[in-house]
Amino acid sequence: MQEGAILVVGGSGGLGQSICRRLLDDWSALILTYHSNAGAASQLRDELSKRGEVRALRADIREDEDVEAAIAGAEALGGLKGLVFTAGANILQPFVSRMSQATWDNSIDIELRGFTRLVRLALPVFRTRGGGALVSVVSFANYWFPPGDAISGVPKAAIEMLTRAVAKEEGRFGLRANSVAPGVIDAGLGRAVMEQTQPAEFWQEQKKRVPLRRYGDAEDVAEAVAFLASSRAAYVTGQTLIVDGGMSL
């Protein structure tokens, strides 16, 4: 088992829940945060508490106090040694020409500014603990852009860049930082996009562009996150693991 506790920001979401389930194979203590879906968070906490020490905490990552409370929760469960950022704005796929400034602001506030706040407050704790692992969940849109995905891809591109910066600057303190870039995933927001934006025939045709001839599921992403968060990736930092079935090739 990994030393200390791991904090999953956005753990109640479609990807976040699978990530939490997989992480408990490696970690005995886990804090998951949620913003509005208290029911899903409570249900997940009750399920996972049978396997380890698990807490669910409401946190608005736009507020310093909430982020500090989440970090303090991990510290109380054995010390912050792992951090996964999988929070995101609830958006679909509008074209750039159809997006209002409010839509941009909401996505950037929750994702990019939320992540910068999390990094700023977590780094001193990681240094005190002698390092750990940071994993950000970003997007394969930086490598193969699907039209309409700018609202998700733009802030995640910045998150990926900041993750690399952390890897470069904080490695001397024992902190590893990596990203996981999911492709088309049939879970969470990805499933909502498929159900609400195009007919089923469109997505069946798109699937033919994936070398593995299937869309990913939440467990595919969770496995990649778990690897990068664990000591199995002890000499891996500053990297992005693209989990897209080869679609970006």
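Brief remarks on what is shown
- Sole exception among (1) surrounded by fewer than 21 Cβ atoms within 10 Å (Cβ to Cβ); (2) under 20 Å from Leu123 (Cβ atoms); (3) in contact (Cβ under 8 Å) with a residue 60 or more places away in the chain for Gln93, by number: (2)
Each row is one residue, and each column tells you yes or no for (1) basic (Lys, Arg); (2) over 25 Å from Ser36 (Cβ atoms); (3) assigned to a strand (DSSP E or B); (4) within 19 Å of the chain's Cα centre (by Cα).
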site	(1), (2), (3), (4)
Gly78	no, yes, no, no
Lys81	yes, yes, yes, yes
Ser107	no, no, no, yes
Phe115	no, no, no, yes
Leu118	no, no, no, yes
Gly130	no, yes, no, no
Val135	no, no, yes, yes
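- Here is the figure for region 219-249: residues that are under 18 Å from Cys20 (Cα atoms) and modelled with pLDDT under 95 total 0.
- Close pairs from region 208-237: first assigned to a strand (DSSP E or B), partner among the acidic types (Asp, Glu), Cβ under 9 Å, at least 6 apart: Gly216/Asp186; Gly216/Asp244
- Selected residue (criterion: surrounded by the most Cβ atoms within 10 Å (Cβ to Cβ)) from residues of region 218-237 that are in contact with a Ser or Thr (Cβ under 6 Å, 6 or more places away or on another chain) and aliphatic (A, V, I, L, M): Ala222
- Check on Ile159, more than 24 Å from Ser230 (Cα to Cα) and either of a type in the set (D, E, K, R) or surrounded by 14 or more Cβ atoms within 10 Å (Cβ to Cβ) (or both): no
The values are calculated or read from the model by the stated rules, or taken from the named source; none is laboratory data. Note that this is a predicted model, so its numbers are computed, not measured. All Cβ positions, even for glycine, are placed from backbone atoms using ideal geometry, and neighbour counts span all protein chains on display.
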